[in-house]
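To start, the structure itself, in structure tokens.
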Amino acid sequence: MDDSVADQASASVWSRTLTLPDVVNAPWLLSTSTVECWYFRQDVAGYASSHYTVAWKLADEADVSRARREYWVDIAQRAVLTYGSGEAANNRVTSIVGFARSVRSFVQWACCTRCCESLSALSKDDVRAYENYVFGLGVTKSSAEQRLSALRALGACLDADGRKMLFQPYRWRGDLQKAVKRVGRANGRTRTLEPEAFFRLLDYSLSRIEDSEGVVSRAVAYQLAKISSRRPSRSCVLGEYSATQVINDARLTYGACIVMAFSLLSSRKHQLALLDVSDLPGRDGSKASDLTGRVSKTSNASAGTATVQPLVPELERAFGIVASLTGIDLSTDTGPLFRCLKLDEARQSTSGRPLETIRYID
């Protein structure tokens, strides 16, 4: 059957699949979501926008009809909406995003690699083949469990015609754990800096902050010259420094301030991303020395859990440098403290946003 005939044969099925209202009614999806691309609510600051975006276009790995692709995408979306509602309604958005990516990974394999016709056509042989596929990826046990759990969830999912799988994959919890042990490799330790490397980095950061006066003044002068719509005079503004060197020095000093914040506060990355200018002490003229903030990732409260930490002089100086390099007025401004450098603002589509964190994976 060619693609055009298959599309016509499946038209009645696809016409009853998810529509845009079905999508945007999910409380954890933004109103900008479409059937083809979902934009999730960004509950934890610091993640890139792409982390909260799931595109449902399946890669062209095989000669598969458009109707079949749409059928499998519909199955995946139904599974995600089910996972994010009912008893699982308290799942964090980051968990729902992870589940969505795992389901999409399976339907990509089932549709385009395995060429399965439908949910009800899946067999135990297909499950074993998928386990072999996951094993070939060389993922950790935790990642393997996410992928196989998505397949398990599809066992209870119905398609637009009310059909489902003819059996339940991993019906018992022990079955899933046995499969995870077979296909996943042992989870490794979270990589951390060795003590000597960490203290070298901290010492370097302290030296950058101590010698930051010239770096900050040159960065501010260069930025003011750019704003004045005239080409900065190298002799008057930069002296013997090139524009590239001024920008690089500002970036390195800003990075040193971030290292200091992580080292002295022992905060999670999203805590620093959530840190507001108004959280800094002394804005009301008081002599308070405590830094307020909040934790959202491990909190059940919608606004997070409030935190209070002492602010030592070295860190207070680092925050002052951050304010100067980002153009913040500590006495009146609000918004994220850690944001794009003023010198790099032209690279940002939206100014005033918190810095995005990036996870590097080998």
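Every number here is computed from the coordinates shown, using simple stated rules; none is lab data. Worth saying up front: this structure is predicted, and the values here are computed from it rather than measured. Cβ placement follows ideal geometry from the backbone for every residue including glycine, while neighbour counts extend to all protein chains displayed.
Site pair Glu316 and Asp125 shows an inter-label distance of 7.3 nm when each label is modelled 7 Å from Cα along Cα→Cβ.
Full extension of the chain between Ala306 and Arg185 gives 39.7 nm of extra length, using 0.36 nm per residue less the Cα-Cα distance.
Sorting the segments 212-224, 120-132, 315-327 by their mean number of nearby beta carbons within 10 angstrom, highest to lowest, gives 315-327, 212-224, 120-132.
Rounded to the nearest Hz, the phi-derived 3J(HN,Hα) couplings of the range 67-73 under the Karplus curve 6.51 cos²θ - 1.76 cosθ + 1.60 (θ = phi - 60°) are 4, 5, 4, 5, 4, 6, 5, where x marks glycine and proline.
Label zone of Lys57 (point 7 Å out along Cα→Cβ, amide N under 19 Å): in the range 106-137 this covers 106-109, 111-113. Considering the zone a paramagnetic label at Asp333 would reach in this model (a point 7 Å from Cα along the Cα-to-Cβ line), which residues of the range 211-226 have amide N under 15 Å from it? The answer is 216-217, 219-221, 223-224, whose backbone nitrogens lie closer than 15 Å to the label point. Which entries in Lys124/Lys164; Lys226/Lys342; Lys57/Lys269; Lys57/Lys178 show an alpha-carbon gap greater than 21 Å? Over 21 Å apart, Cα to Cα: Lys57/Lys269; Lys57/Lys178. Three semi-axes describe the equivalent ellipsoid of the range 109-191; taken as square roots of 5 times the Cα gyration tensor eigenvalues and ordered largest first, they are 25, 14, 10 Å.
A cut-off of 5 Å between modelled amide H atoms, ignoring neighbours fewer than 5 places along the same chain, links Arg294 with Thr307.
From most to least packed by mean Cβ count within 10 Å, the peptides 176-182, 258-264, 135-141 give 258-264, 176-182, 135-141. Model label points for Ser242 and Leu137, set 7 angstrom from Cα along the Cα-to-Cβ axis, are 4.4 nm apart.
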